[in-house]
Amino acid sequence: MSAGEPRAPLFGPEHFHLAGGELTMPAPVNAHDHGYGIRTLDFGGVDDALEPWIASLRLRPATDPYCEAVVAFGRLALGGVAGTVHCHNSLLAERLVEEAGEVVRAARDVGIRLALSCPLLDANAWVYGGPNALRACLAEDEWQALRGHVPSYAPLAEQLAAADAVAHAHAGGGVDVQYGPIGPQWCSRALLEAIAEASRANDRRIHMHLLESPRQRTWLDREYPQGIVPFLDSIGFLSPRLALAHGVHLRGEEIELLAARGVTLVSNPAANLRLRSGIAPLGEWLRAGLAFAFGLDGTGFDDDQDLWRELRLAYLLHGGQGLVRTLSAAQVFDAAIANGARVLGQPGGADTVGIDYAALSEDMLFDDLDPREVLLTRMTRAHVRHLSVGGREVVRDGRLTGCDFDAARRELRAQARADLPRLEQARATAVRLAAAIRRFYASSS
């Protein structure tokens, strides 16, 4: 099949079964997320441009990783999501194996499939160019107040060894462990080369952010004159084992190269809008035959981790302006189910979600409408009744079967509030850092 040539949908109307007012269909996958049990707005992360917004992540409360993951994964399962890519947030290599074990335990208790992306980075803290580049935008007293907060990174061999240890300890049984370079602007060339080699040698998937913001585009163009995507190709980084999140600022020739190498893109429409990154060129992805999936990125349009609303947003944003849709309902569900499972490194279409279709269709005069169109117009997480993953009933009558979501959420909230004294002290630093980052990019634009 040539690039851009349409193919028959993998999940057609025959995969959507209606009986007794309930619609059963293959369950979708959240192909990019960060596992925020306490969501970013709750700890002061008001939507902003990506780079100053990142400073607000310093205010993420210290909570038990198991409890945090149970709430994050439980929220997804209750919304009818069968699996998620979890980009783990710990940057301490010595704690990664232990924390990963708690995250994996949470996913298994909730009952969803998990791709655990192990964080890898060693460059450019705070701004692209690193703390010393930011110092020029700071008064001396500001620099003295901030310099003690510059993060340090473990040696790249130690970071890779920790990711491999996680895989040896926890992979299998619905869990796929992946290398998680945060993004090329936060990784040295040596680290990117080492990840490419390790992925090839271990046949392990890679999950990475790429070209999310316009400031990343500017910096990467300057740092990699040959182009960041051709550079990644030159070191063997691009392959069917790779998934890239965002890709908002990809160019045509880069899209074609990614498609030729069998890479999968993950679109995050709501996060891209909320963090002012823009709208991904999904129409160009389609024309190039580039496989893509969808992810919530820890946000969602209503900050509710509702993948159905995320799919609706994508359907509307990328429908085009002509008489024929640029993005069809069939392509949306193929992306959310089959391609999402590919990013997860696990089977696609084997899990099912039961939906209260009677509530969605109670005023309809015709009963022959394509259910995919109905879902992309009206479906929300509130309509999920059942979820089955790997033959296990995970959600029954709108409630988790494997754990008490409400109790876990109460416990997580209590843990977060217990950390408030520390967070109140850290807040001034986060605000000061965000302001400095904003000045840095404003002065260099």
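The values are calculated or read from the model by the stated rules, or taken from the named source; none is laboratory data. Since we're looking at a predicted model, the values are computed, not measured. In this analysis, Cβ positions are derived from the backbone assuming ideal geometry, glycine residues included, and neighbour counts consider all displayed protein chains. Keep in mind that these areas ignore ligands, DNA and RNA; they rest on the heavy atoms of the full protein, side chains included. Shrake-Rupley method; radii C 1.70, N 1.55, O 1.52, S 1.80 Å.
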Let me make sure I get this right: for the stretch 124-173, a, b and c are the square roots of the gyration tensor eigenvalues over alpha carbons, sorted descending. Under 1.5 in a/c it's rounded, otherwise prolate if a/b > b/c, else oblate. Which is it? prolate
Going by the alpha-carbon gyration tensor, a ≥ b ≥ c the square roots of its eigenvalues, is the stretch 250-306 rounded (a/c under 1.5) or, if a/c is not under 1.5, prolate (a/b greater than b/c) versus oblate? prolate
Percent of alpha carbon pairs in the stretch 280-332 separated by more than 13 Å? 60 percent
From the convex hull of the Cα coordinates of the stretch 241-353, what is the mean projected area in square nanometres? 7.3 nm²
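Working from the alpha-carbon coordinates of the stretch 319-361, get Rg over Rh, Rh being the Kirkwood radius. Display every interim value, and only then the final one.
Numbers: Rg = 14.0 Å, Rh = 12.5 Å.
Using Cα coordinates only, the ratio equals 1.11.
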Please report the antiparallel percentage of the DSSP beta bridges confined to the chain, to the nearest 5. 40 percent
Looks like the stretch 361-445, by Cα gyration tensor root eigenvalues a ≥ b ≥ c and the a/c under 1.5 rounded cutoff (else prolate when a/b is bigger than b/c, oblate otherwise), is oblate
Obtain the radius of gyration and the Kirkwood radius of the stretch 404-445 from its C-alpha atoms and give Rg over Rh. 1.32
For the stretch 317-445, with the dipole built from +1 on Lys and Arg beta-carbon atoms and -1 on Asp and Glu ones, taken about the Cα centre, which of LEU412, HIS386, ALA426 lies farthest toward the positive end? ALA426
Kindly provide log₁₀ I(q)/I(0) values, in the same order as q = 0.09, 0.11, 0.12 Å⁻¹, from the Debye equation applied to equal alpha-carbon scatterers of the chain. -0.56, -0.85, -1.02
Rank ARG222, ARG189, ARG205 by mean-square fluctuation in a GNM of the chain with C-alpha springs under 10 angstrom and give only the top-ranked residue. ARG222
Counting only residues 5 or more places away or on other chains, whose amide H sits under 5 Å from the amide H of ALA245 once H atoms are built in the peptide plane? MET208, HIS209, LEU210, VAL266
So what J values fall out for the stretch 420-437 if you push phi through Karplus, 6.51 cos²θ - 1.76 cosθ + 1.60 with θ = phi - 60°, rounded to Hz, Gly and Pro as x? 4, x, 5, 5, 4, 6, 6, 5, 4, 5, 5, 5, 5, 5, 4, 5, 5, 5
Can you find, among HIS209, VAL175, ALA161, the residue farthest towards the positive end of the dipole of the stretch 161-229? Put +1 on the C-beta of Lys and Arg, -1 on that of Asp and Glu. HIS209
Neighbourhood charge, 13 Å Cβ-Cβ cut-off, centred on ARG241 and excluding it, Lys, Arg +1 and Asp, Glu -1: +2
Scan around ALA291 for amide H atoms under 5 Å from its own, H built in the peptide plane at 1.01 Å from N, and keep only partners 5 or more places away or cross-chain. LEU265
Kindly sort ARG105, ARG381 by accessible area of their heavy atoms, largest first, with the probe set to 1.4 Å. ARG105, ARG381
Ranked highest first by average number of other Cβ atoms within 10 Å, how do 351-363, 116-128, 311-323 line up? 116-128, 351-363, 311-323
